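Take a look at the structure below.
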């Protein structure tokens with residue numbers, strides 16, 4: 001039989017453990033053979049697995065450090081436990097922060113060749129206004145625009161438009177209402193202290209694939225809530241409390257609360273763009289807080305995103321995620337969705353996360369959860385703190401898990417995992433020169449420039 005390349009370190013560690021005696025611990029990491037204590041026999045158990053001599057099923061306990069493989073590092077982890085060398089490293093505390101944020105003056109692009117030019121409402125013209133006001137289970141409509149039809153059914157409003165340059169202002173309160181848009185042209189919606197609860201679906205449902213400008217009026221708080229069950233229409237998507245087929249472009253200096261109990265919070269089948277000045281609080285017990293197909297770009301504002309649903313994400317994007325400003329705090333407390341083994345994540349990005357400014361704070365507490373799960377991560381500035389507190393159940397919990405590369409060249413970077421690797425890159429993990437701090441422990445990686 002071929003001799004394991006780990007034979008010598010395994011023998012040395014086993015001898016070390018034997019001289020240190022037995023530490024009695026019940027149901028704890030390192031108790032591979034399940035006898036209620038962590039000792040030399042656990043090292044022998046792992047050693048026999050590495051050498052191929054064991055066929056015993058230890059039900060995953062042999063992967064002591066939770067990195068997804070069984071090797072000499074698991075032997076080292078057991079020896080450290082026996083030696084009492086493990087420390088109770090406290091992670092950085094992450095909590096929702098609703099305080100105002102001082103932000104730099106925003107520069108609106110004026111060059112029509114700028115790829116973001118059309119994402120700014122200042123570069124569009126909306127001169128025709130319709131105001132919709134809810135009062136209980138009824139809604140009134142003020143204003144008339146050619147080629148725009150507005151119908152009401154109790155508190156449920158439907159807008160059908162082929163007109164250009166239309167602005168809608170939403171006011172009042174309803175516990176049984178909604179608004180749905182069918183439009184062939186881009187339009188704006190101003191939330192002026194409106195509260196909309198739809199027991200049977202989305203509060204705002206935009207079936208237009210054009211730009212959807214959402215403006216939050218200064219000094220006001222608007223609240224949108226969906227229902228536990230959705231009444232669907234054939235051929236139409238309706239994926240969350242605030243849903244749009246097109247881009248959702250958020251500006252203004254008001255507050256928006258989004259509550260999802262049936263599906264997701266804010267959803268775009270295109271991309272979501274958040275500008276400075278507002279506060280956005282999304283709470284979901286049923287799905288993701290923000291979901292987008294084609295990108296999420298946060299240039300500013302205060303965002304507090306909390307989900308408690310199993311398998312859900314704070315931000316879930318099939319394309320890029322760009323953090324350029326603001327303060328985004330994400331707390332995900334759900335655990336793995338056992339029906340399809342989907343793990344919770346604070347941010348899940350299928351492409352590349354870029355962080356050039358602002359603050360991104362993420363905490364996940366459920367088993368198997370990743371604070372950040374991405375294709376690649378590129379950080380040139382700003383602040384990132386990723387904390388994973390869960391234990392391994394079906395998959396290893398990670399602070400940051402990248403299927404590609406992680407590159408850090410600026411800003412403040414911190415990642416922590418209580419029971420697995422704080423940083424795991426399938427490609428390279430590159431830290432550029434010039435940092436003032438670069439420290440690693442068994443649980444954390446800290447880098448600052």
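The values are calculated or read from the model by the stated rules, or taken from the named source; none is laboratory data. Computed from a predicted model, the values in this text were never measured in an experiment. Here Cβ is always computed from backbone atoms with ideal geometry, including for glycine, and neighbour counts include all displayed protein chains.
Determine which member of the set 109, 91 is in a loop (DSSP other than H, G, I, E, B), surrounded by 14 or more Cβ atoms within 10 Å (Cβ to Cβ) and touching a residue at least 24 places away in the same chain (Cβ under 8 Å).
Criteria check complete, one pass: 91.
I need the full set of residues from region 235-268 which are in a strand (DSSP E or B) and more than 18 Å from residue 308 (Cα to Cα), in order please. Please lay out each step first, then the result.
Step one: of region 235-268, the residues in a strand (DSSP E or B) are 240-244, 248-252, 255-260, 264-268.
Matches in region 235-268: 242, 243, 244, 248, 249, 250, 251, 252, 255, 256, 268.
Sort out which residues of region 182-193 are more than 14 Å from residue 270 (Cα to Cα) and not in a strand (DSSP E or B), and write them in order of number.
184, 185, 192, 193
Sort out which residues of region 337-351 are in contact with a strand residue (DSSP E or B) (Cβ under 7 Å, 6 or more places away or on another chain) and outside any strand (DSSP E or B), and write them in order of number.
Hits for region 337-351 are 343, 344.
Given (1) part of a loop (DSSP other than H, G, I, E, B); (2) in contact with a strand residue (DSSP E or B) (Cβ under 6 Å, 6 or more places away or on another chain), where does residue 157 come up short, assuming only one miss?
Going through (1) part of a loop (DSSP other than H, G, I, E, B); (2) in contact with a strand residue (DSSP E or B) (Cβ under 6 Å, 6 or more places away or on another chain) one by one, residue 157 breaks only (1).
Hey, could you check region 196-234 for residues that are touching a residue at least 60 places away in the same chain (Cβ under 8 Å) and part of a strand (DSSP E or B) and say which is farthest from the chain's Cα centre (by Cα)?
Result: 196.
Which condition breaks for residue 131 when tested against (1) modelled with pLDDT of 95 or more; (2) outside the structural domain of residue 231 (by TED's automatic domain parsing)?
For residue 131, the failing item is (2).
Quick check on region 194-203. Is at least one of its residues assigned by TED's automatic domain parsing to the domain that holds residue 295, buried (at least 21 other Cβ atoms within 10 Å of the Cβ) and closer than 13 Å to residue 266 by Cβ?
yes
With the requirement that a residue be outside any helix (DSSP H, G or I) and modelled with pLDDT of 80 or more, what does region 64-78 give you?
If the condition is that a residue be outside any helix (DSSP H, G or I) and modelled with pLDDT of 80 or more, then 64, 70, 71 are the ones that fit.
Which of the residues that make up region 112-121 are loosely packed, with under 10 Cβ neighbours inside 10 Å and farther than 18 Å from residue 272 by Cβ?
Listed by number, the residues that qualify are 112, 113.
With 301, 268, 308, 284 as the choices, which residue is in contact (Cβ under 8 Å) with a residue 12 or more places away in the chain and surrounded by fewer than 24 Cβ atoms within 10 Å (Cβ to Cβ)?
So the residue among 301, 268, 308, 284 that is in contact (Cβ under 8 Å) with a residue 12 or more places away in the chain and surrounded by fewer than 24 Cβ atoms within 10 Å (Cβ to Cβ) is 308.
Out of everything in region 117-135 that is farther than 21 Å from residue 184 by Cα and without any contact (Cβ under 8 Å) to a residue 40 or more places away in the chain, what residue ends up being farthest from the chain's Cα centre (by Cα)?
135
Condition (residue is out of contact with any strand residue (DSSP E or B) (no Cβ under 7 Å at 6 or more places or on another chain) and crowded, with 22+ Cβ neighbours inside 10 Å) applied to region 228-238: is it met by at least one residue?
no
For the condition free of Cβ contacts under 8 Å to residues at least 40 places away in the same chain and more than 23 Å from residue 93 (Cβ to Cβ), what is the one hit in 407, 440?
Of the residues listed, the single one that is free of Cβ contacts under 8 Å to residues at least 40 places away in the same chain and more than 23 Å from residue 93 (Cβ to Cβ) is 407.
Quick check on this structure: which one of 328, 354 is at pLDDT 95 or above, crowded, with 23+ Cβ neighbours inside 10 Å, outside the structural domain of residue 62 (by TED's automatic domain parsing) and outside any loop (DSSP other than H, G, I, E, B)?
None of the others qualify; the one that does is 328.
Is it true that residue 316 is in contact with a strand residue (DSSP E or B) (Cβ under 7 Å, 6 or more places away or on another chain), surrounded by fewer than 22 Cβ atoms within 10 Å (Cβ to Cβ) and over 23 Å from residue 409 (Cα atoms)?
no
Just one of 144, 149 is part of a loop (DSSP other than H, G, I, E, B) and touching a residue at least 12 places away in the same chain (Cβ under 8 Å); which is it?
Details: 149 fails: part of a loop (DSSP other than H, G, I, E, B).
Of 144, 149, the one residue that is part of a loop (DSSP other than H, G, I, E, B) and touching a residue at least 12 places away in the same chain (Cβ under 8 Å) is 144.
For the list (1) closer than 25 Å to residue 247 by Cα; (2) at pLDDT 95 or above; (3) loosely packed, with under 15 Cβ neighbours inside 10 Å, I need the number of the one condition that residue 104 fails.
Just one mismatch for residue 104, condition (2).
Would you pick out the residues in region 30-49 that are touching a residue at least 40 places away in the same chain (Cβ under 8 Å) and out of contact with any strand residue (DSSP E or B) (no Cβ under 8 Å at 6 or more places or on another chain)?
Result: 32, 40, 47.
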